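Heads up: the structure comes next, in structure tokens.
Please treat every number below as a calculation from the coordinates, not as lab data. Keep in mind that what you see is a predicted model, and the values were worked out from it rather than measured. Here the Cβ positions follow ideal geometry from the backbone for every residue, glycine too, while neighbour counts run over all protein chains shown.
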Amino acid sequence: MNDFWIIFTASLVAINAALLGCFLVLRKMAMVGDAISHAVLPGIVVAYFFSGDKTSGLLLFGATLTGVIASAIIDFLSRKAKIQGDASIGITYTLLFALGMIMIASGGGNNVDLDMNCVLYGDIATINLDKVIVDGNLYIGPYAFYVELVAFFIILIVLLVGFKGFKLISFNEDFAKSLGINTGIWHYLMMGLVALTTVVGFEVVGAVLVVGFLIIPPATAQLIVNQLKNMLIVAVAFGVGAVIIGFYVASWFNVSYTGGMILVAGINFFIVLFLSNFSKKLKLKA
């Protein structure tokens, strides 16, 4: 039963990340997800300092707000200060992440009981320790699963309602602007969702591996499909498939579950890349 909840919870992480990752990949902003995953740390620390509870909704708010701020700084540096995009990302996330580390290690760290290894790498094997129990003794799953489930419904509703807006800025932002669409709203809404996905994934897979789910399945899907809706479906399938196969591979070799999941996702990418290039060569010869 514990294995079931681990797979189910990790699958939700993969689904949430893959849905948003498709838009990031299409906008050539995949590494912004990496930046946000590190930059949200100060917001988490400040929120935990005031709430004193790792399960508080204040942590989600603090992390999401910091993620949006990080995105605004990157946008300012790249568009206004004319700094190269990759440099803007590097400057922003390293500074904010370093600030978060200092806040934890400083005197305020006595009041902020956060484990850096947990934030960075997560520990999916321990999620069943934080149980949700009803009627005194009925175990209905780990707390992390329900947090991910809530995040899934939030992401799904926002994407369904704003699908046209997100699609326009993903394929042709200039055209969207010419139609009078406020692309900034859609941009920062997407960054807020990415920040939400990152912080709820901390406990399950950690900040580093959330990035793997944000980028690898969507990049794999992009190799074989052309339509956005199909890309979303295929990316989710690759993400969930990597979770299931990666879990059993990791169990067999007695290694990190999340490491095994991302490794399988990466192997899938290179297999699809090879097959897609091979099929193109066959078409050219024909």
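Side notes on the structure shown:
- Protection proxy ranking, peptides 73-84, 125-136, 224-235, average beta carbon neighbours within 10 Å, highest first: 224-235, 73-84, 125-136
- Sorted fewest first by neighbouring Cβ atoms within 10 angstrom, Leu149, Leu196 come out as Leu149, Leu196.
- For Gly141, nonlocal amide neighbours, meaning residues 5 or more places apart or on other chains whose placed amide H falls under 5 Å from its own, are Val132.
- Sum of side-chain charges, Phe247 neighbourhood, beta-carbon under 15 Å (Lys, Arg +1; Asp, Glu -1): -2
- Value at 222 nm in deg cm²/dmol, rounded to 500, when DSSP H runs of n ≥ 4 in the chain each add -39,500 (n - 2.57): -25000 deg cm²/dmol
- Inter-part distance, the stretch 205-282 to the stretch 8-51, computed on C-alpha centroids, equals 17 Å.
- Charge tally in the Cβ shell below 15 Å around Val158, where Lys, Arg are +1 and Asp, Glu are -1, Val158 excluded: +2
- Net length gained if the chain between Lys229 and Ile102 were fully extended (0.36 nm per residue, minus Cα distance): 41.5 nm
- Within the shell of other residues whose beta carbon sits under 12 angstrom from the beta carbon of Ser170, the net charge comes to +3, with Lys and Arg scored +1 and Asp and Glu -1.
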